[in-house]
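Undergrad: Pasting a structure here, questions to come.
The values are calculated or read from the model by the stated rules, or taken from the named source; none is laboratory data. What you see is a predicted model, and the numbers here were worked out from it, not measured in a lab. Counting neighbours? That spans all protein chains shown, and the Cβs are built from the backbone with ideal geometry, glycine included.
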Amino acid sequence: MSNIAHSLLAAQRLLLITHVIPDGDALGSTLGLAWGLRQLDKTVTLVCAGPINSGLQFLPGVEAFLPQAPAAHFDRIVVLDSGDLSRLGDACQPALFQSVPVINIDHHVTNTRFGDENWVDDTASSVSEMIHDLLPALGIQCDDRIATCLLTGLVTDTLGFRTSSTTPRTLRAAAGLMAAGAPLYDIVEGVFGRKSLNLVRLWGRILSTFQNDAGIVWATVPERLLQEHGVSEDDVKGLASFLRGTEGTEVAILIMEAGGGKVKVEFRSAGRVDVSAVAVSLGGGGHRVASGCTLSGSLAEVEARVVAAVRQAMS
Ligand SMILES: [Mn+2]
């Protein structure tokens, strides 16, 4: 961590990049670090190639994200919350990444150590928790903007402090962030309290057809169903965690048809089964208890393949 702090302090112009379809931790950790670095009078450019979920537009400074890095000089690239460079989508410009040293800050157990400097802590609940712990080494005062961004990351990646990755360190960080001015209640409401009517109706349709066998619960979502309800596969992902809560479930799988012959798959584990390993074996990645991958094929083919992969992991 001290090497990373040293490297950040030595740089003046920094390019911060996070993954496509960014979640609360991706945006929160990136924005939290950005506000901190600005406090040190550094020039910070923020990039995220994917669309930003409307539920996270409340984050202070979120409008600064660019879809691609501008043609400018950077001393360092900082990649946050991304297990590998493919997660950056179009923001991973080869010429740029070859010419500027990359700092990789992440908590995914599947991280490929793609950076010139790597700070990967898979015991951290979130990258936001890591950034919180880094602030003192950078001499940054945690103000209410930084605190709001980082607490949003903590809350979203721990599903409201409910995941097995939540530790005393997580809760101490959260308490510190609240004390620094982060509105926990507003964040929780903003992040979890906004299911559209259409999304709830879609959940109803999916929940009426889910399957269950030997500790595995799974559901498939045809693209047509998403279109009918005007909901993206990203919006419906939360259902995977809900299914995991079904009594007797070791692993929940949500299998969503994404168009173009692609099928997105989300895995959630109750703890015993390592679903990051399952996702990696299928070309994806993630955490021990929450992971995902994207496969080619029909919905039925992918369903058969991923259920078999989870069965094998459980045996
Ligand atoms: Mn994260």
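Undergrad: Condition (residue is touching a strand residue (DSSP E or B) at 6+ places or on another chain (Cβ under 8 Å), in contact (Cβ under 8 Å) with a residue 40 or more places away in the chain and not in a helix (DSSP H, G or I)) applied to region 45-59: is it met by at least one residue?
TA: Yes, region 45-59 contains a residue that is touching a strand residue (DSSP E or B) at 6+ places or on another chain (Cβ under 8 Å), in contact (Cβ under 8 Å) with a residue 40 or more places away in the chain and not in a helix (DSSP H, G or I).
Undergrad: Mind listing just one residue for me: the one in region 79-89 that is in contact (Cβ under 8 Å) with a residue 60 or more places away in the chain and outside any strand (DSSP E or B) and, of those, surrounded by the most Cβ atoms within 10 Å (Cβ to Cβ)?
TA: Asp81
Undergrad: Quick check on Ala180: is it within 21 Å of the chain's Cα centre (by Cα), buried (at least 16 other Cβ atoms within 10 Å of the Cβ) and closer than 30 Å to Ala10 by Cα?
TA: So Ala180 does not fit the description; no.
Undergrad: Could you check region 131-217 for helices (runs of 4 or more DSSP H) lying wholly inside it with 1 or more residues that are in contact with a Phe, Trp or Tyr (Cβ under 9 Å, 6 or more places away or on another chain) and within 16 Å of the ligand (Cβ to nearest atom)?
TA: Hits in region 131-217: 144-157, 168-179, 184-192.
Undergrad: Given the conditions (1) in a helix (DSSP H, G or I); (2) over 26 Å from Thr112 (Cα atoms), and given that Ala313 satisfies all but one, which numbered condition is not satisfied?
TA: Ala313 satisfies every listed condition except (2).
Undergrad: Going by what's in this entry, would Pro22 be described as part of a loop (DSSP other than H, G, I, E, B) and either at positive phi or within 15 Å of the ligand (Cβ to nearest atom) (or both)?
TA: Taking the combined requirement at face value, the residue satisfies it.
Undergrad: Turning to a different aspect of this structure: Enumerate the pairs (first residue in region 250-272 and in a strand (DSSP E or B); second residue anywhere and aromatic (Phe, Trp, Tyr)) with beta-carbon separation below 6 Å, excluding pairs fewer than 6 apart on the same chain, so at least 6 apart or on different chains.
TA: Ile253/Trp218; Ile253/Phe267
Undergrad: Please verify whether Val289 is under 24 Å from Thr110 (Cα atoms), β-branched (Val, Ile, Thr) and at pLDDT below 95, treating the condition exactly as stated.
TA: yes
Undergrad: Still on this structure: Identify, from the list Ala71, Ala95, the residue that is farther than 15 Å from Val127 by Cβ, of a type in the set (Gly, Ala, Ser) and assigned to a loop (DSSP other than H, G, I, E, B).
TA: Of the residues listed, the single one that is farther than 15 Å from Val127 by Cβ, of a type in the set (Gly, Ala, Ser) and assigned to a loop (DSSP other than H, G, I, E, B) is Ala71.
Undergrad: For region 284-315, which positions are farther than 19 Å from Val217 by Cβ and more than 23 Å from the chain's Cα centre (by Cα)?
TA: Gly297, Ser298, Glu301
Undergrad: Moving to a separate point now. Which pairs have Cβ atoms under 6 Å, sit 6 or more apart or on different chains, and link a residue in region 137-164 that is at negative phi and at pLDDT below 95 to one that is of a type outside the set (Lys, Arg) and more than 16 Å from the ligand (Cβ to nearest atom)?
TA: Ser164/Gly271
Undergrad: While we're on this one: Hey, Val265 hits all of (1) at pLDDT 95 or above; (2) out of contact with any strand residue (DSSP E or B) (no Cβ under 6 Å at 6 or more places or on another chain); (3) among the aliphatic types (A, V, I, L, M) but one; which does it fall short on?
TA: Of (1) at pLDDT 95 or above; (2) out of contact with any strand residue (DSSP E or B) (no Cβ under 6 Å at 6 or more places or on another chain); (3) among the aliphatic types (A, V, I, L, M), only one is false for Val265: (2).
Undergrad: Suppose we filter Leu59, Leu8 for residues that are over 30 Å from Gly283 (Cβ atoms) and within 16 Å of the ligand (Cβ to nearest atom); which single one remains?
TA: After applying the criteria, what remains is Leu59.
Undergrad: In the list Asp213, Asp133, Asp143, Asp121, which residue meets the criterion of being charged (D, E, K, R), over 27 Å from Leu37 (Cα atoms) and touching a helix residue (DSSP H, G or I) at 6+ places or on another chain (Cβ under 9 Å)?
TA: Asp213
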